[in-house]
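Colleague: Submitted below is the structure of interest, expressed as structure tokens.
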Amino acid sequence: MAISGETRKRHREPAVAGGVRTRTPSWAYRLFSQPVLRAVLGWDFSARDVRWVRPGPRLVAEIGAGGGFYSRQLRERLGPGARLVVVDPFPPAVARLCARLGQGPSGVVADGLCLPFASGSLEALFYGYSLEEFADPFAGLREAARVLRPGGQLVMFLWRPMLRGRRRALLELLDANFVVDRVSTGPQNIRLACHRREAPG
Ligand SMILES: C[S@@+](CC[C@H](N)C(=O)[O-])C[C@H]1O[C@@H](n2cnc3c(N)ncnc32)[C@H](O)[C@@H]1O
């Protein structure tokens with residue numbers, strides 16, 4: 001039976017597109033990456049916000065890159081010699097993003113719950129308002145801990161209304177696997193920069 005948008009909203013059922021379950025219908029994601037909307041809603045400015053990520057030549061993945069609000073600035077922030085991989089589960093989003101970015105970052109179609117990276121292989125991970133969109137953000141965070149090398153950096157921006165009722169548990173899981181180096185909390189969002197513990201819990 002088809003589920004109407006209203007019914008899904010009432011029961012908080014995840015949307016399903018391309019075999020991946022998300023909390024928001026995938027058509028809305030492009031809209032969320034519009035710079036003017038982001039400045040108004042979340043006080044998000046990509047050039048400023050990517051300074052949460054340490055620069056340097058490393059292997060870095062942006063998970064849930066979607067409309068690419070942060071991708072270009074992130075690549076510039078990392079600088080020459082770094083390799084940025086942009087990841088999103090929706091093939092059209094990855095294709096559009098790669099076309100926009102031109103040569104440089106590689107685009108990978110993948111679910112953040114099952115990343116195509118070996119354990120401990122990445123030096124930094126960036127989630128710009130994407131983890132809270134996963135059907136299971138807790139499993140997403142465990143997957144982040146798996147693919148990051150010890151000491152590797154995790155930068156996450158989270159949209160507070162989407163965390164309702166789950167924030168404390170998510171931060172506890174974060175604490176088990178990461179050391180929080182910097183945090184800022186606004187009315188709508190939380191920004192965190194962490195590094196992976198040597199021996200995650
Ligand atoms: C609110 S948008 C943010 C997009 C972009 N990072 C930005 O800041 O504009 C959420 C993104 O998370 C992605 N996403 C949702 N579920 C995902 C999953 N299971 N794995 C990876 N990305 C996912 C969506 O496709 C979408 O691009």
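Colleague: Within the range 1-14, can one find any residue that is within 18 Å of Ala193 (Cα to Cα), more than 12 Å from the ligand (Cβ to nearest atom) and either modelled with pLDDT under 80 or touching a Phe, Trp or Tyr at 6+ places or on another chain (Cβ under 7 Å) (or both)?
Modeller: There is no residue in the range 1-14 that is within 18 Å of Ala193 (Cα to Cα), more than 12 Å from the ligand (Cβ to nearest atom) and either modelled with pLDDT under 80 or touching a Phe, Trp or Tyr at 6+ places or on another chain (Cβ under 7 Å) (or both).
Colleague: Which of the following residues is surrounded by fewer than 16 Cβ atoms within 10 Å (Cβ to Cβ), among the small types (Gly, Ala, Ser) and under 17 Å from the mean Cα position of the chain (by Cα): Ala47, Ala65, Ala61, Ala93?
Modeller: Criteria check complete, one pass: Ala47.
Colleague: Give me the residue from the range 96-139 that is farther than 23 Å from Arg167 by Cα and of a type in the set (Ser, Thr, Tyr) and, out of that set, surrounded by the fewest Cβ atoms within 10 Å (Cβ to Cβ).
Modeller: My answer is Ser119.
Colleague: With the requirement that a residue be closer than 18 Å to Ser130 by Cβ, of a type outside the set (A, V, I, L, M) and assigned to a strand (DSSP E or B), what does the range 154-183 give you?
Modeller: Phe157, Trp159, Phe178
Colleague: Ok, one more. For Pro116, are the conditions met, namely being over 14 Å from the mean Cα position of the chain (by Cα) and closer than 19 Å to Leu59 by Cα?
Modeller: Judged against the criteria, Pro116 is a match.
Colleague: Here's something else I'd like to know. Out of all the residues in the range 158-168, which are closer than 25 Å to Glu123 by Cα and either in contact (Cβ under 8 Å) with a residue 60 or more places away in the chain or exposed (fewer than 15 other Cβ atoms within 10 Å of the Cβ) (or both)?
Modeller: Listed by number, the list holds a single entry, Trp159.
Colleague: Would you mind finding the one in Val155, Val180 that is surrounded by 13 or more Cβ atoms within 10 Å (Cβ to Cβ) and within 13 Å of the ligand (Cβ to nearest atom)?
Modeller: Val155
Colleague: Would you please list the contacts, defined by Cβ atoms under 8 Å and residues six or more apart or on different chains, that run from a residue in the range 79-94 that is free of Cβ contacts under 8 Å to residues at least 12 places away in the same chain and within 11 Å of Val60 (Cβ to Cβ) to a residue that is within 12 Å of the ligand (Cβ to nearest atom) and not in a loop (DSSP other than H, G, I, E, B)?
Modeller: Nothing qualifies.
Colleague: Restricting attention to the range 19-40, which residues are loosely packed, with under 15 Cβ neighbours inside 10 Å and modelled with pLDDT under 80?
Modeller: Gly19, Pro25, Trp27
Colleague: List pairs: first residue in the range 111-132 and on the phi > 0 side of the Ramachandran plot, second residue more than 8 Å from the ligand (Cβ to nearest atom) and among the hydrophobic types (A, V, I, L, M, F, W, C) anywhere in the structure, Cβ distance under 8 angstrom, at least six positions apart or on different chains.
Modeller: If the second residue must be more than 8 Å from the ligand (Cβ to nearest atom) and among the hydrophobic types (A, V, I, L, M, F, W, C), the pairs left are Gly120/Val147; Gly120/Leu148; Tyr129/Leu158.
Colleague: Now a separate question. Which numbered condition trips up Pro35, out of (1) over 25 Å from Ala145 (Cα atoms); (2) touching a Gly at 6+ places or on another chain (Cβ under 6 Å)?
Modeller: Going through the list (1) over 25 Å from Ala145 (Cα atoms); (2) touching a Gly at 6+ places or on another chain (Cβ under 6 Å), Pro35 breaks only (2).
The values are calculated or read from the model by the stated rules, or taken from the named source; none is laboratory data. Because the structure is predicted, anything quoted here is derived from the model rather than measured. Positions of Cβ are generated from backbone atoms using ideal geometry, with glycine treated the same way; all protein chains shown enter the neighbour counts.
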